[in-house]
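The values are calculated or read from the model by the stated rules, or taken from the named source; none is laboratory data. Treat the numbers as computed from the prediction; the structure is a model and nothing was measured. Because the Cβ atoms are built from the backbone with ideal geometry, glycine has one as well, and the counts that use them run over all protein chains shown. Just the protein is used for accessible areas: all its heavy atoms, side chains included, with ligands, DNA and RNA removed. Shrake-Rupley method; radii C 1.70, N 1.55, O 1.52, S 1.80 Å.
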Amino acid sequence: MKTRILGLLAAVSLVATLVVGWRLPPTEEQAGYARLIAVHPALAWTAYIAFGVMALGSLLYLLPATRSRKWDRLAGASGEVGVVFTALMLVTGSIWGRPTWGTWWVWDARLTLSALMLALLFGYVALRKVDMDVDRRAIISAVTGVAAVLVVPINHFAVTWWRTLHQGRSAATLAPSSNLDGSYLRAMFLGMVAMMLVYAWLLIHRIRLERLEEENRGADLAVALAERRAEAHDGAVSGAPDGGAVVGS
Amino acid sequence: MLRDALLVGAKDLRVEVRSRVALNQVAPFAVLVLVLFAFALDPDRGLLASAAPGLYWIAVTFSALLAIQRSFAVEAADGARDGLRLSGLDPAGIFLGKAAAIAGQLLVLEVLLGVGVVVLYGTELRGGTVLALTCLAATAGLAAAGTLAGVLAAGLRVRETLLPLLLVPVAAPVVLAATKAWEAALDGQSDQGWPWLRLLGAFAAVYVAFGVVAFGPLLEEA
């Protein structure tokens, strides 16, 4: 029930972001593309949070004192949802970069870092998709999750020294003298709220699904076996040739 | 821990000396990669010479994937993995030993590839100190992160395809930093290579430390 309210809030704020974003006035330099400020920073923000939650869940599972299946589920769910947000961030960024920078992709530090983050998440999710024992999967994906986040600061220095092109962080230009018009800022923050709500909603549902999957692991086999046994039993009672022969011999 | 590491490392190297898989299969492949780069980048336009550091480190990374694959394939057969778990050796020692054996093989491979770059691409080796230290630091990092990724993927049915996906994004800064350090050294500006070298050292330290800590629970439960 509570998640239904959360889902409703997410949907409403998403629609509101769409409406507010759409009604933003076009700017001189970027024309209508400036409206992407309602979605792109929000997606990036949420993608980084999802990555961080994945890493945190992994770390908490890895530490013996806090080891609990729920942290594994949290990390797994956040990693999966994170793939969606990271991919969307790269796609919207690309769409924004084409008219403003002139290319779909530039080898800028932040872009490269985000692409590497997506690759790390891909590896993490791919590992979780492999069929194996739940406890084993939990421990190896926890190690993978922590190994993935450990490289981020090193990656950061590497790609920053390599090259830097991206404009400063959008929120870093929050000073009153900022040339970012108030309506754009409002749209950006509305978008952030909306994406965070969507993320939370997806996360909760993914965790729930994961728990159900774990509970029902192997259950379908047990059900099928019980059904077959019941069939054989019925056969024996009614004297059908196949079932009866098996039971009789 | 170090004694155990020595035991495991010596065991892996002995397996290698007797089977010669790295020498007979991985090394020729690595040289072949250098030849393929020559096909992709016209040798007459000087592209190869200018791109040599990057190509060299990509060849090293690809070969490292094979060496890691091999290092854990050895443990997969005949229940060797269970034997290792039953042996009572310190997991951290096992990690260090396996990583050291991989690093040793990679260093030999790097010398070979270095000769290959000189002969095939006409690269002039300069700034020897930075070149050598880069090799040491990058190899330590690759071997540590690779051993971790190797044991993560070991025993899974999809290990061959999963290992590159797990390792390459993590090893990406090693390739970048090692390439930049080599570029600086080969340009005769070794001093510009030092920040990259420090980064490689940090990477190696972080992943060796994490491997030492994480290998125990991994070996225990995986």
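Just a few scattered comments:
- Gain upon complete extension [B:Asp44, B:Ser19; 0.36 nm per residue less C-alpha separation]: 5.1 nm
- Both chains summed, the buried accessible area for A and B stands near 2500 Å², from protein heavy atoms and a 1.4 Å probe.
- Separation of alpha-carbon centers, the stretch B:185-222 and the stretch B:82-116, rounded to whole Å: 15
- For the stretch A:12-87 and the stretch B:8-78, distance of Cα centres in Å: 39
- For the stretch B:2-221, the relative contact order comes to 28 percent (Cα pairs under 8 Å, sequence separation of at least 6).
- At R0 = 35 Å, FRET efficiency that the Cβ-Cβ distance of A:Asp131 and A:Met196 yields, to 0.05: 0.60
- Residue-wise HN-Hα couplings along the stretch A:132-140, as the Karplus relation 6.51 cos²θ - 1.76 cosθ + 1.60 with θ = phi - 60° gives them from phi, are 7, 4, 4, 5, 5, 4, 4, 6, 6 Hz; Gly and Pro carry x.
- Distance between the pseudo-spin-label points of A:Gln30 and A:Ala87 (7 Å out from Cα toward the beta carbon): 2.4 nm.
- Accessible area of B:Glu110 in the full protein assembly, 1.4 Å probe (Å², nearest 10): 10
- Its relative contact order, with pairs defined as Cα atoms under 8 Å and 6+ residues apart, puts the stretch A:2-217 at 35 percent.
- Length added when fully stretched, A:Thr160-A:Ala224, from 0.36 nm per residue minus Cα-Cα: 17.4 nm
- GNM flexibility winner over chain A from A:Ala230, A:Ala219, A:Ala147 (Cα, springs under 10 Å): A:Ala230
- Screening chain B for DSSP H helices whose Cα atoms reach 27 Å or more along their own axis and whose mean Kyte hydropathy is at least -0.5 gives B:47-76, B:91-121, B:128-153, B:159-186, B:194-221.
- Note on the stretch A:1-82: with neighbouring protein chains present and a 1.4 Å probe, carbon and sulfur make up 71 percent of its accessible heavy-atom surface.
- To the nearest ten degrees, helix A:109-129 and the longest principal axis of the Cα atoms of chain A are 10 degrees apart.
- Angle between chain A longest axis and helix A:69-101 axis [Cα atoms, degrees, rounded to 10]: 40
- Relative to the longest principal axis of the Cα atoms of chain A, the long axis of helix A:182-215 makes an angle of roughly 10 degrees.
- Where the protein assembly as shown is the region considered: accessible area per residue in Å², 1.4 Å probe: 49
- Accessible-area value, B:Lys11, 1.4 Å probe, nucleic acids and ligands omitted, Å²: 50
- Helix-derived mean residue ellipticity, 222 nm - over chain A, DSSP H n ≥ 4, -39500 (n - 2.57), to 500: -26500 deg cm²/dmol
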